1. Could you please find all residues in region 381-439 being within 16 Å of ligand 1 (Cβ to nearest atom), within 30 Å of M369 (Cβ to Cβ), open to solvent by 10 Å² or more (accessible area, probe 1.4 Å) and not in a helix (DSSP H, G or I)?
2. As an exercise: evaluate R231 against (1) over 30 Å from G116 (Cα atoms); (2) not in a loop (DSSP other than H, G, I, E, B) and give the number of the one condition it does not meet.
3. Looking at region 78-109 only, could you name the residues that are small (G, A, S), surrounded by fewer than 17 Cβ atoms within 10 Å (Cβ to Cβ) and in a loop (DSSP other than H, G, I, E, B)?
4. Within region 88-104, how many residues are at pLDDT 90 or above and more than 19 Å from the chain's Cα centre (by Cα)?
5. Of the residues I378, I427, I437, which single one is under 24 Å from the mean Cα position of the chain (by Cα) and touching a residue at least 60 places away in the same chain (Cβ under 8 Å)?
6. Identify the residue in region 440-457 that is touching a Gly at 6+ places or on another chain (Cβ under 9 Å) and β-branched (V, I, T) and, among all such residues, is surrounded by the most Cβ atoms within 10 Å (Cβ to Cβ).
7. For region 449-475: of the residues being assigned to a helix (DSSP H, G or I) and either without any contact (Cβ under 8 Å) to a residue 12 or more places away in the chain or within 16 Å of ligand 2 (Cβ to nearest atom) (or both), which is nearest to L7 (Cα to Cα)?
8. So which strands (runs of 3 or more DSSP E) stay within region 1-75 end to end and still have 2 or more residues that are open to solvent by less than 50 Å² (accessible area, probe 1.4 Å) and within 16 Å of ligand 1 (Cβ to nearest atom)?
Amino acid sequence: MKYILALDQGTTSSRAILFDANGSLVDSAQREYAQHFPQPGWVEHDGRDIWTSQLEVAQTLINRCPDPGSIAALAITNQRETTVVWDRLTGEPVGPAIVWQDRRTADQCAAMRQEGLTDLIQTKTGLVLDAYFSGTKLAWLLDNIEGARFRAERGELAFGTVDTWLVWNLTRGASHITDVSNASRTLLFNLHTLDWDDDLLRLFNIPRAILPKVVPSAGQLAQTNPSVLGRSLPIAAMIGDQQAATFGQGCFQPGMAKNTYGTGCFMLLNTGSEPIASGHHLLTTIGWQRPDVSSAGLHTTYCLEASVFMGGATIQWLRDGLNIIQTAAEVEPLALSVPDVGDTYLVPAFTGLGAPHWDGHARGTLIGMTRGTSKAHIARAALEAIALQVADVFEAMEKDAGLTLTELRVDGGASKNNLLLQMQADILGIPVTRPKIVETTALGAAYLSGLAVGLWSSTSDISALWQEDKRFEPQWSDAQRKTKRARWHQAVERAKSWSED
Ligand SMILES: Nc1ncnc2c1ncn2[C@@H]1O[C@H](COP(=O)(O)OP(=O)(O)O)[C@@H](O)[C@H]1O
Ligand SMILES: O=P(O)(O)OC[C@H](O)CO
């Protein structure tokens, strides 16, 4: 039996997962690492921690594998946008890794928006001009680390998102590459030419010499140095984690979508071989690029993406903020102890509202309470709020893509919650399906890698491996759905602009 070793470098932990040719999870290891919050709104990692935690779990799995020679290839998937700069000679980071959640460049983005650059940036990159993405984070590092800009211009420094940083270390500096899906999250990459864009590099003041070479998401991308993992392994896939999950969910056809219920919610819709511009503040992003058997060239798949800031984090707030549950799992029996929310709505706009509202001044609102309202109603309203937010971005996606979606595939930590998924099906009016393997991020990267090295011959082979754990059928009438969503939108309006004063 041949195996694929997938490395899943996430925001709070590094994981390694071994998959066999049936797409079954054979072994896994996970290691958390330190998060640094040096100032309000700043979030940093140490690039060395990212690498050493990832290396440790990869080595653990290789050591535990009875026949390491049967590992056909590595697959890399990663937290996106997080920005690392290092010295090409020593391989040491020259500053902190600035994490995607970091808001330190929000003012710079606001100033650029005021200069009227929003449309140009959206047309070229598919993104909103926001501190979330790598462009302004990289500029910040070059401007705030002594000598960095000068050294970058002389070609002495290297920039990378986390995929690039891992490959640099796995190859001992032989490969400085990033894949198109990660490149498409930097604000520096042109979605149409599939290359770094000189106008954008000028706008963000980034020297080309610091950038990695852009490669497809799958193929013979690099070869690990034998000294790192005890053997030389091909790196046959590199892909951002949300795109990987979309692939792992088997969303190969345009019109197929997945939603991940993690801390936030990330919904991605496969829109096919052309980028679709959003009219509702969603992101246009590259899903993956892989060899196209029919043309012997490369085929690029694009996606629309929406992020909801407060997904499972709403449940964390019930646990840590309100102390009405001790563990996240307790929310389900508590919410089930009442038949409905009793007209209570929780709008979890604790850090503003993301897509499709993009209101940074919105704040959390709990409305409609009476003397009969209990913690069970609040728990139920919290779960409904997750499903209602997802419904809002789902509707925006359908409008942008001009499609009617017929199913939503789901994964992520909160997708364990059956009540949440039933609510989601009821509110959307379509079936919601949860696969048996919810480690879809690592699985998607493993699939891409396995396709590249011949473990599977086509996506049809992989579609056949997708196994349903549970399907949630909608049970509400259209009228019930409309009333629920209308009431929710009234609550959202009350939450908007709250902190503006
Ligand atoms: N049974 C549950 N019901 C609702 N939410 C849950 C449940 N179990 C976990 N969660 C939520 O899921 C989130 C963790 O999911 P995970 O996919 O590990 O997130 P991330 O990858 O963003 O760290 C947490 O916010 C937690 O509150
Ligand atoms: O590491 P995760 O799962 O929180 O994912 C982070 C996303 O890639 C950020 O865009």
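1. Hits for region 381-439 are G412, N417.
2. Here R231 clears every test but (2).
3. G91, the sole residue that qualifies.
4. The total comes to 9.
5. I437
6. Selected residue: T441.
7. Restricting to residues being assigned to a helix (DSSP H, G or I) and either without any contact (Cβ under 8 Å) to a residue 12 or more places away in the chain or within 16 Å of ligand 2 (Cβ to nearest atom) (or both), the top hit is D461.
8. On the way: elements: 3-9, 13-20, 25-32.
Qualifying strands (runs of 3 or more DSSP E): 3-9, 13-20.
The values are calculated or read from the model by the stated rules, or taken from the named source; none is laboratory data. Predicted model, so just to flag it, every value in this text is computed and none were measured. When we count neighbours, we look across all protein chains shown, and the Cβ atoms used for this are built from the backbone with ideal geometry, even at glycine. In case anyone asks, the SASA skips ligands and DNA or RNA and just uses the protein heavy atoms, side chains included. Shrake-Rupley method; radii C 1.70, N 1.55, O 1.52, S 1.80 Å.
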